[in-house]
Amino acid sequence: MKEIRPYSEILSIAQEIESLLQPHVERICIAGSIRRKKQDIGDIEIVLIPKPFETGLFSSGIATVIDEWKTIKGNLDNHCKYTQRIFKDVQVDLFFCEHENWG
């Protein structure tokens, strides 16, 4: 079960994630309950367009950051559309887009 936390606490963590990922993305946006400024929030949703990256033994780019976080669902590879991770005890839903389907 997700732990519900106050908006200000979750926003701070989301902004930290955004800063960590920023060098590895072409575009990034904090979304979901944070964007809607809900009072209590259970997870962080981030939409992004990653720069090219590699996974595995010679990982590079965004993989060097995200693969450090505990995986709940979704493998990070060059065809990744969605993955759930844990960062600072908060569930993080990452939605990978391309320029053509950025909403």
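Quick notes on this one:
A quick yes/no check of all residues on (1) under 13 Å from the mean Cα position of the chain (by Cα); (2) under 12 Å from residue 96 (Cα atoms):
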{"site": "3", "(1), (2)": "no, no"}
{"site": "8", "(1), (2)": "no, no"}
{"site": "19", "(1), (2)": "yes, no"}
{"site": "27", "(1), (2)": "yes, yes"}
{"site": "36", "(1), (2)": "no, no"}
{"site": "42", "(1), (2)": "no, no"}
{"site": "46", "(1), (2)": "yes, yes"}
{"site": "53", "(1), (2)": "no, no"}
{"site": "56", "(1), (2)": "no, no"}
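- Among the candidates 3, 26, 68, the residue that is open to solvent by 30 Å² or more (accessible area, probe 1.4 Å), acidic (Asp, Glu) and free of Cβ contacts under 8 Å to residues at least 24 places away in the same chain is uniquely 68.
- For the range 31-60, filtering for residues that are small (Gly, Ala, Ser) and under 17 Å from residue 16 (Cα atoms) leaves 4.
- One residue stands out in the range 71-99 among those that are exposed (fewer than 12 other Cβ atoms within 10 Å of the Cβ) and free of Cβ contacts under 8 Å to residues at least 24 places away in the same chain: the one that is farthest from the chain's Cα centre (by Cα), namely 79.
- Close pairs (8 angstrom Cβ cut-off, 6 or more residues apart or separate chains): basic (Lys, Arg) in the range 37-63, open to solvent by less than 50 Å² (accessible area, probe 1.4 Å) anywhere: 51/24; 51/25; 51/61; 51/62
- Meets criteria (of a type outside the set (Ser, Thr, Tyr) and under 13 Å from residue 24 (Cα atoms)) for residue 66: yes
- Flag if residue 20 is closer than 21 Å to residue 74 by Cβ, hydrophobic (A, V, I, L, M, F, W, C), surrounded by fewer than 18 Cβ atoms within 10 Å (Cβ to Cβ) and in contact (Cβ under 8 Å) with a residue 24 or more places away in the chain: yes
Here's the yes/no breakdown for (1) out of contact with any Ser or Thr (no Cβ under 9 Å at 6 or more places or on another chain); (2) under 19 Å from residue 3 (Cα atoms):
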position	(1), (2)
21	yes, no
24	no, no
35	yes, yes
41	no, yes
45	no, yes
49	yes, no
59	yes, no
63	no, no
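- Among the conditions (1) open to solvent by 30 Å² or more (accessible area, probe 1.4 Å); (2) of a type in the set (A, V, I, L, M, F, W, C); (3) in contact with a Cys (Cβ under 7 Å, 6 or more places away or on another chain), the only one that residue 49 does not satisfy is (1).
The values are calculated or read from the model by the stated rules, or taken from the named source; none is laboratory data. Every value quoted in this text rests on a predicted model; they were computed, and no experiment measured them. As a convention, Cβ positions derive from the backbone with ideal geometry for all residues, glycine included, and neighbour counts pool all protein chains shown. These area figures cover heavy atoms from the full protein model, side chains too; ligands, DNA and RNA do not enter into them. Shrake-Rupley method; radii C 1.70, N 1.55, O 1.52, S 1.80 Å.
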